[in-house]
Amino acid sequence: FRSFTWPWVSVGDAWRSAQWRTPSDAVMVGWMELLFALLGLGCTIWCAFRLRASYAVWMGANWLLWTSTKFLLSVPRYTLIMFPVYILFARVAIRRPALGGAIALWSLLFLALFAAQFARGHWAF
């Protein structure tokens, strides 16, 4: 039941869907989808200025592919294939160790959240 649409339509729908869902569904289906869509877009723009143009094209094409559907679904999982994000985060961690630690802590907290959701039998992307 997926169809193509403009990326801002699906991102806007994710925002609106977080408003009316129950709190646990709003976090997983609304806010996490929106957060990772915006993270992917931000890292794509960042990549365009800091890394090879081919990496930025790869990230931009992937981001457009999975945000150009009627509704966002599994965006955190799709963000994992955007490998230049790891290069960007590694460069940040080398230059600013405290920020690298914050990225590691943020990643571990989301890993714990998603693993706990999965272990409880709930949706975890």
For the pair Ala104/Trp15, report the inter-label distance in nm, with labels modelled 7 Å from Cα in the Cβ direction. 3.5
Pairs of alpha carbons in the stretch 57-125 whose separation is greater than 16 Å (percent): 61
For the full complex of protein chains and a 1.4 angstrom probe, list Ile94, Ile81, Ile103 by accessible area with the highest value first. Ile94, Ile81, Ile103
From the phi of every residue in the stretch 14-27, what ³J(HN,Hα) in whole Hz does the Karplus formula 6.51 cos²θ - 1.76 cosθ + 1.60 yield, where θ is phi - 60° and glycine or proline is x? 5, 4, 5, 5, 5, 7, 10, 7, 5, x, 5, 5, 4, 5
Dipole magnitude (debye, nearest 20) for the stretch 1-63, charges at Cβ of Lys, Arg, Asp, Glu: 180
Longest segment of the chain lacking trypsin sites (Lys or Arg not before Pro) that sit in a DSSP loop with at most 12 other Cβ atoms within 10 Å: 53-119
Please compute P(r) over all alpha-carbon pairs of the chain, binned at 10 Å starting from zero, and give each bin as a whole-number percent. 13, 39, 35, 12, 1
Compactness summary of the stretch 1-43: radius of gyration and Dmax from Cα atoms, Å, are 10.7, 30
How much accessible area per residue does the chain have, counting only protein heavy atoms and a probe of 1.4 Å, in square angstrom? 63
Tally up the carbon and sulfur contribution to the accessible surface of the chain as a whole percent, 1.4 Å probe, everything protein left in place. 73
Dipole of the chain [Lys/Arg +1, Asp/Glu -1 at C-beta], most positive-end residue of Phe114, Leu35, Val92: Val92
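The values are calculated or read from the model by the stated rules, or taken from the named source; none is laboratory data. Small disclaimer: the values here were computed from a predicted structure and weren't measured. We place every Cβ from the backbone using ideal geometry, glycine too, and count neighbours over all the protein chains shown. For accessibility, only protein heavy atoms count, side chains too; no ligands or nucleic acids. Shrake-Rupley method; radii C 1.70, N 1.55, O 1.52, S 1.80 Å.
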